[in-house]
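Everything on this sheet refers to the single structure shown next.
Any read-out appearing in this document is the output of simple, stated calculations on the displayed coordinates, not a laboratory observation. Everything numeric in this text was worked out from a predicted model, so none of it was measured. Quick reminder, even Gly has a Cβ in these numbers, built from the backbone with ideal geometry, and neighbours come from all protein chains shown.
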Amino acid sequence: MSHAFFDTNILIYAFGTTEKSARAQQVLSAGGVVGVQSLNEFTVVALRKLKLDWPTIQQGLAAIRVLCPTIIPLTDPIHRDGLRIAQRYRLSIYDSMIVSAALQGGCTRLWSEDLQDGLRIDERLTVANPFG
């Protein structure tokens, strides 16, 4: 299994046309792990902000699933651990659920633009900003 987990923002950039898209595509093309929460958030942003149609969104999700065949569900244990992480590291609930899913997936790197680059979680997971 790959040791990289992708936050939603990396998925969004990878399917965009901004200056950050090429770098997001590069890190995503190496493969990794993604959470159901990120797939849901990707879908919401693709619909509302990017104004993509359903077939295009489905194609994007299919591409993500090929590159990230391990998909971590949002379970009660992940939620409980996410609450602990939110408290300990002062993260938002949504960010802490992403972190908890990454830990559950056995990942050692979390690609994210939003979280603090270099942040170390539980001595097992390091946040990395691919644009920094």
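Summary table
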read-out	value
Binned Cα-Cα distances of the chain, short to long, each 10 Å bin given as a whole percent	13, 47, 33, 7, 0
Principal axis dimensions, largest first and in whole angstrom, of the stretch 87-132 by Cα	25, 21, 16
GNM flexibility winner over the chain from ILE72, ILE12, ILE93 (Cα, springs under 10 Å)	ILE93
Convex hull of the stretch 1-70 built on C-alpha atoms - directionally averaged projected area, nm²	4.1
Span from the the stretch 1-51 Cα centroid across to the the stretch 69-132 one, whole angstrom	15
Computed [θ] at 222 nm, helices only, for the chain once each DSSP H run of length n ≥ 4 contributes -39500 (n - 2.57)	-16000 deg cm²/dmol
Amide H within-cut-off set for LEU110, under 5 Å, with H built and near neighbours excluded	PHE5, THR126, VAL127, ALA128
Ranked packing of 75-88, 45-58, most packed first, by mean Cβ within 10 Å	75-88, 45-58
Cα Rg, Dmax, the stretch 43-87, angstrom units	14.5, 39
Whole-Hz ³J(HN,Hα) from phi, Karplus 6.51 cos²θ - 1.76 cosθ + 1.60, for the stretch 51-61, glycine and proline x	6, 7, 7, 4, x, 5, 5, 4, 5, x, 4
